[in-house]
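The values are calculated or read from the model by the stated rules, or taken from the named source; none is laboratory data. The model shown is predicted, which means the values in this text are computed figures rather than measured ones. Neighbour counts run over all protein chains shown; Cβ positions are idealised from the backbone, glycine included. Ligands, DNA and RNA are stripped out before the accessible areas are found, and what is left, the full protein with its side chains, is counted by its heavy atoms. Shrake-Rupley method; radii C 1.70, N 1.55, O 1.52, S 1.80 Å.
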Amino acid sequence: MPWSWLCYGPALKNVRAGHGCDPAAPGGTVSGVRATDREGHTMAEWPLTGRVGELAAIEAAFRRPHLTGVLLTGAWGVGKSRLAQEAAAQLAPAERVTACRALQTIPYGAITHLSPGPGDGRALLSRLIARFRGPARTVLVVDDVHFLDDASDALLAQLVTACPVFLIGTTGGDVPEALADLWNSGRITGLPITPLPGDAMAALVDRVAGADAIDRHRLTRLSGGNPLALRALVDNGPYGRWLDKAGPAARQVVEVLACAEAMPMSLLETLVEPAAVEAAERAGLIRVDAERACLAPPLSGPLVRRLLTTSTLRRVRGLLPEKPTDHPGPDTAEFEACLARKDLHGAQELADRGYRESVAAEIREAAATWAGLRGRAEAMQGRVRSAAASFREAAALTRSRKCEWMAELADPCDHPHTGVLAARIALRRAWSHAARGEIGRAIECCLAAATEKEAEATALYDAARLGAASAVHARLAELGHADEAMAARALARRDADALGRATDAFEQQGRLLLAAETATAAAHAHRRAGHHKPATLFQERAEALAQRCEGARTPLLDQGRLPSQLTTREREVVLLAPSLTSPQIAARLGLSPRTVSNYLQSAYDKLGLAGRAELRVLLGT
């Protein structure tokens, strides 16, 4: 099944319905994650991620003739075997040996498959030497060399010495004696394999997590850079081995921390014996930092809780004090205040910070709210693609579709909504009509939305943008929205100068799409009046503004758009020329001063200008 939503048993139906599940439930894992990646690949097919440096180091060792092998060392689950397999596939023909505890008591038990036949170890070595002797190097991958029996260890050491065989071994424990001698003599080198760095782990998580930022953040944090721990969290993987070395006392410490996530040492030592805490730390099961204890990666609360029975969870949770609920991030009232004073940059910064902090704290509802507010700020700036992505993120995070900002995503059909939510849905519907060319119906929707007091100014100016400027500019002035009133009046009267002032105001506020529209209208008005120089200049400005709006299309942009006469580079140079010298422009754009001068002259010829002085007049700088 390509989409396997994993949760805690009976909660599966709720997860599929979009309600998530309890991440602390027994037998559970992080909700809303897939057992396959975005392309439908199974866990065994996950791509090797974040190991470019290690692959290069193995290849470099392979190219050095005096080295007979490399041993990959590190904790269980960090990806040593996967890395060895990938390196071998890139280097040369390879054979594989997998040692295990069960074969440790059988002489040559791990390697007899390489050359089956009768006889003792001497005969086996002779057959292997005959097989691998030759000019080309063969790669021999040996998983878990610490589980090799003594006879296999000694034979492999002789083989890599006598033949062009390059050993890539993995170990999470002590290296057996014969291979250790080669290591100590410099014939085998060691390569520590550490947990994946955060960016690489995030990239891997992104392949298997759903479109939920909380789940992505949680999986990255809980897996601790350990790919096998990630697999255990999103699949029914072999996770029990991490607790094999925990005795009853240490396991009790792990159980407590699995339910508490982190805890002050002073509190932990009142719940379990201090000796048990020490034993768990020595075993690498927990980590103590600054007098706080937590599970040591790759162990995590959700992973360990999968091992615990319901009665054990109930017993352990009964020992723990209740956690206070924190709500990080700025107040949404600050965001609305920024919008009220038309400080879109401030609103965007608040929304971005609120979203980041809510995701980091894994507070889903707060993250959903801030994602929606971030989308509102982006939409008001004309960043339509960014806004759409934020609204999709908000929809994925929310457990309810009753948030006001969800009107931005509402289906443009009749719904029994009231108030601001109904007004926003009406505006969404208006622009849907406009996209289909139904301008009359679009204006009707805007005027209907304007009956809601809190949405009136926005709805009226949207109506002006769609062609009803003469009907709404007086009311906008009464409401005290001076910039919108000026722009609407200028649109109605085709007042090029006023449209230019409106463009300045909107651009200063960060409302780039509105600025692009008024600049386009100003260009059109100048062109109708026969003022070709300012018409061309405003068209160039409109093009530059529109390019920052991520492909937005509106009737105003399409209706008044004129062909651009300047190339992209010419436009860049012209917009910098009023305030910078040619050498300064050259330094900023990575050009030579002569090239800048050539671009400027070409632009002056197209615009009919004599030089920078006339350019400054036209730009109003």
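Here are a few things to note about the model shown:
- 5 angstrom amide H check on residue 566, placed H, neighbours 5+ away: none
- Overall dimensions of region 469-621 as given by Cα atoms, namely Rg and Dmax in Å: 16.2, 54
- ³J(HN,Hα), Karplus 6.51/-1.76/1.60, whole Hz, each residue of region 545-550, x for Gly, Pro: 5, 5, 5, 8, 9, 6
- Length added when fully stretched, residue 319-residue 392, from 0.36 nm per residue minus Cα-Cα: 22.3 nm
- Theoretical gain in end-to-end length, residue 341 to residue 548 [0.36 nm per residue, Cα-Cα removed]: 72.3 nm
- Inter-site label distance for residue 584 and residue 180 at 7 Å from Cα along Cβ, in nm: 6.9 nm
- Rounded to whole Å, sorted largest first: equivalent-ellipsoid semi-axes of region 74-130, Cα gyration tensor: 26, 17, 7
- Look at the alpha carbon pairs under 8 Å that are at least 6 residues apart: their mean separation over the length of region 462-606 gives a relative contact order of 15 percent.
- Backbone amide hydrogens, once placed in the peptide plane, bring residue 168 within less than 5 Å of 70, 140, 141, 142, excluding anything fewer than 5 places away on its chain.
- Charge context of residue 271, other residues only, Cβ under 13 angstrom, K/R +1, D/E -1: -1
- Note that region 422-546 shows a convex hull volume over its alpha carbon atoms of 99 Å³ per residue.
- Once the chain from residue 470 to residue 567 is taken as fully extended at 0.36 nm per residue, the excess over their C-alpha distance is 31.3 nm.
- Label separation (residue 266 vs residue 96): 5.3 nm, computed from points 7 Å beyond Cα along the C-beta direction.
- Cα point-scatterer Debye curve for region 103-143, base-10 log of I(q)/I(0) at q = 0.19 Å⁻¹: -0.63
- Charge sum, other residues only, whose C-beta stays under 10 Å from residue 476's C-beta, Lys/Arg counted +1 and Asp/Glu -1: -2
- Using the Cβ of residue 178 as centre and a radius below 12 Å, the other residues enclosed give a net charge of -4, where K and R count +1 and D and E count -1.
- Heavy-atom accessible surface of region 256-399, averaged per residue, reaches 47 Å², computed with a 1.4 Å probe.
- Convex hull projection area averaged over all views, region 117-166, Cα basis, nm²: 3.6 nm²
- Between residue 221 and residue 199, the simple spin-label model (points 7 angstrom out along Cα→Cβ) gives 2.2 nm.
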